[in-house]
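Comments concern the structure below.
The values are calculated or read from the model by the stated rules, or taken from the named source; none is laboratory data. Just so we're clear, the structure is a prediction, and the values are computed from it rather than from any experiment. When we count neighbours, we look across all protein chains shown, and the Cβ atoms used for this are built from the backbone with ideal geometry, even at glycine. Just the protein is used for accessible areas: all its heavy atoms, side chains included, with ligands, DNA and RNA removed. Shrake-Rupley method; radii C 1.70, N 1.55, O 1.52, S 1.80 Å.
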Amino acid sequence: MIKLSSKRRIIATVAATAAAGLAATGAMLFAGNASAAETLGASAAENGRYFGAAIAPNFLGEQAYADTLNAEFNSIVAENAMKWDATEPAQGQFNFSGGDELVAYAEEHGMAVRGHTLVWHAQQPAWAQGLTGQALHDAMTGHIEGVASHYQGKISSWDVVNEAFEWDGSRRQSNLQIQLGDGWIEDAFRAAEAADPDAKLCYNDYGTDGVNAKSDAIYDMVVDFQARGVPIDCVGFQTHLSSDSDLSSYQENLQRFADLGVDVEITELDVGGSGSAQAGVFRTVTEACLNVDRCTGITVWGITDKYSWRGEETPLLFDGNYQKKEAYTAVLEALNAA
Ligand code: G3I
């Protein structure tokens, strides 16, 4: 109980600071009944939510990148800088330079910070990939302890475990699964809880954009964790989409997780395509989050198409010249309509 209320306090403080910061940097409240914020972050804050972006520290020196970030977003997540390969290049020797830069930037600009990601089958350092059995287990928990305790009190929610399930709902046969068996996910959550009791602890995955075999398996895991007292506070829905993605059960899926008593977050939103088709998908996702009380915010996986991991699909809200796209307008309208 103490832990939960402390988690809520951190989020509330961050949201209030972020909202105040954005108000000072250009959010506008129109007189009369209707109000229309002028930026994504300000409008999300008016709805009690954050609007975030995945950030790479090496781009912060680019004026248009920083200007867009500062104007539009009130939460950030490291696109790569807090992953295992970046933060623990040699066992027990931590490198927090990129992550620290982002946390300091967020503090300076009144933004929240999501943590991504403590344990994942990809982007593991070479030394960890070669470990087996108990040595790998100790490396995993040692990594969580080292990183989550370093950032203790500064992270709104951690993606503790990323992408541990296959499309059919079975466990991904990663080195973690093969070496450690089914218990590794809960062991990771327990280690994260011990290291940072203030952060909300999320399971994060892609391909969970509706009620399907993969989201069913994650749902069952949350139910099981709750029944056995394994700490879990939130589920992240990456939401890497295309203009023709089927979103017929997207909101229903978010809602069924929320109904379990965990928060839901849209953690890596991007939509391949252009024009009104792309904008429509962004609008649907935004509206779904706003319609689910426990959907606490949306993070897009980058600011500009120029630096997107799927750049040739132009999946973000700002084009390569930082111009607002139709998709941007759709998201802002959806936020302001709520
Ligand atoms: O840092 C090195 C650099 O030193 C080197 O010169 C360069 C040469 O290619 O590579 C750089 O590392 C790249 C890194 O991004 C930083 O740019 C890696 O090769 C590249 O693999 C890595 O890709 C990242 C990918 O995760 C790795 O799986 C993407 O930027 C990042 O957007 C992506 O993010 C993931 C989420 O974490 C989880 N969900 C899916 C999402 C998209 O794949």
What value, in deg cm²/dmol to 500, does the helix sum -39500 (n - 2.57) over DSSP H runs of n ≥ 4 give at 222 nm once divided by the residues of the chain?
-13500 deg cm²/dmol
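Return a whole-number percent for the relative contact order of region 2-337, with Cα pairs under 8 Å and 6 or more residues apart as the contact set.
So the answer I get is 16 percent.
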How far is it, in nm, from the label point at Asp100 to the one at Ala227 when both lie 7 Å from their Cα along the line to the Cβ?
4.5
When only alpha-carbon atoms are used, what values of Rg and Dmax, in angstrom, describe region 193-261?
13.0, 42
How long are the three semi-axes of the equivalent ellipsoid for region 2-337, computed from the Cα gyration tensor as the root of 5 times each eigenvalue, in whole Å, largest first?
30, 22, 20
From the C-alpha coordinates alone, can you work out the Kirkwood hydrodynamic radius of region 190-338, in Å?
15.9
Under Stokes-Einstein, with the Kirkwood radius over Cα pairs standing in for Rh, what whole-number D in µm²/s applies to region 38-170 at 25 °C and 0.890 mPa s?
154
Protection proxy ranking, peptides 202-215, 128-141, average beta carbon neighbours within 10 Å, highest first:
202-215, 128-141
Take every DSSP beta bridge whose two residues both sit in region 2-337, then give the antiparallel share in percent to the nearest 5.
10
Extension length gain for Ala126 and Gln323 (0.36 nm per residue less Cα distance), in nm, is 67.0 nm
Specify the inter-centroid distance of region 140-206 and region 68-138, based on alpha-carbon positions, in whole Å.
13
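Count of lysine pairs in region 2-337 with Cα atoms under 15 Å apart, counting only pairs 8 or more residues apart in sequence or on different chains?
Number of lysine pairs found: 7.
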Per-selection Kirkwood Rh - region 79-125 (Cα, Å, 1 d.p.)
11.2
Would you work out what percent of the accessible area of the chain, with all protein chains in place, is carbon or sulfur (probe 1.4 Å)?
51
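What do you get for Rg/Rh of region 100-141 when both radii come from the Cα atoms and Rh is the Kirkwood radius?
Values: Rg = 15.0 Å, Rh = 12.6 Å.
Over the Cα atoms of region 100-141, Rg/Rh equals 1.19.
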By Kyte-Doolittle mean hydropathy of at least -0.5 and Cα axial length of at least 15 Å, which whole DSSP H helices of the chain are selected?
2-24, 97-108, 133-150, 184-195, 213-228, 275-291, 326-337
Return one whole number: the accessible area per residue of region 2-337 in Å², for a 1.4 Å probe.
38
